[in-house]
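Report on the structure given below.
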Ligand SMILES: [Zn+2]
């Protein structure tokens, strides 16, 4: 007998009332979004395989938040980790103003110098594995949040070096940890370029050792 097997992503969305959105700075209608991967047989979903995404979303600006954590969009902490991780890789961890500039331009939320410094120490000491962290928290991001993180990875890399093969590969790896394909990474980079890289300037004295 011929069996038609496959997989499909199912999305569930339900209204969860009004909450304060940190981006809109006002009360807005929120939904809870849940995506799961299902095993299909002849096109029918028969078995849930894994939960892919779970977050709360403001229906006005479409920002995703971790459920019940509405102080900060879910993309902001991940973006901060990625910026600091890349700065460390290019030995530019003292560029705290750059870290703040990129975070603020992409998300509207600042990245105080003391926080950049603390995170640098934590990541440098190996207590934080960024790829692992990104992978673990990717499920609380939607496409908008993932785009911010990829754009942030690109802008940080752009500021630190002339982007060559291995630099682009590192951005692709961050995309992969976010569970997005190469087309998505290319799209996000193109969007940043369309915005003239948000005015991000190259650091003087590049190219640093990686
Ligand atoms: Zn909002």
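Condition test on residue 158, is it over 24 Å from residue 52 (Cβ atoms) and at pLDDT 95 or above? Judged against the criteria, residue 158 is a match.
Assessment of segment 80-92 against the conditions (closer than 18 Å to residue 19 by Cβ and assigned to a helix (DSSP H, G or I)) yields no matching residue. Taking the condition in contact with a helix residue (DSSP H, G or I) (Cβ under 9 Å, 6 or more places away or on another chain), assigned to a helix (DSSP H, G or I) and either assigned by TED's automatic domain parsing to the domain that holds residue 195 or surrounded by fewer than 16 Cβ atoms within 10 Å (Cβ to Cβ) (or both), does residue 118 pass? Judged against the criteria, residue 118 is not a match.
Given the criteria assigned by TED's automatic domain parsing to the domain that holds residue 106 and in a loop (DSSP other than H, G, I, E, B), does residue 128 qualify?
On the way: assigned by TED's automatic domain parsing to the domain that holds residue 106: yes; in a loop (DSSP other than H, G, I, E, B): yes.
So residue 128 passes the test.
Taken over segment 77-91, the criterion of being touching a residue at least 60 places away in the same chain (Cβ under 8 Å) and crowded, with 24+ Cβ neighbours inside 10 Å is satisfied by 78, 79, 82, 83, 86, 87. Would you check if residue 101 is within 15 Å of the ligand (Cβ to nearest atom) and at pLDDT 95 or above? So residue 101 does not fit the description; no. Checked against the criterion of being under 11 Å from the mean Cα position of the chain (by Cα) and surrounded by 18 or more Cβ atoms within 10 Å (Cβ to Cβ), segment 129-136 contains one or more residues that satisfy it.
The values are calculated or read from the model by the stated rules, or taken from the named source; none is laboratory data. Computed from a predicted structure; not experimentally measured. Quick reminder, even Gly has a Cβ in these numbers, built from the backbone with ideal geometry, and neighbours come from all protein chains shown.
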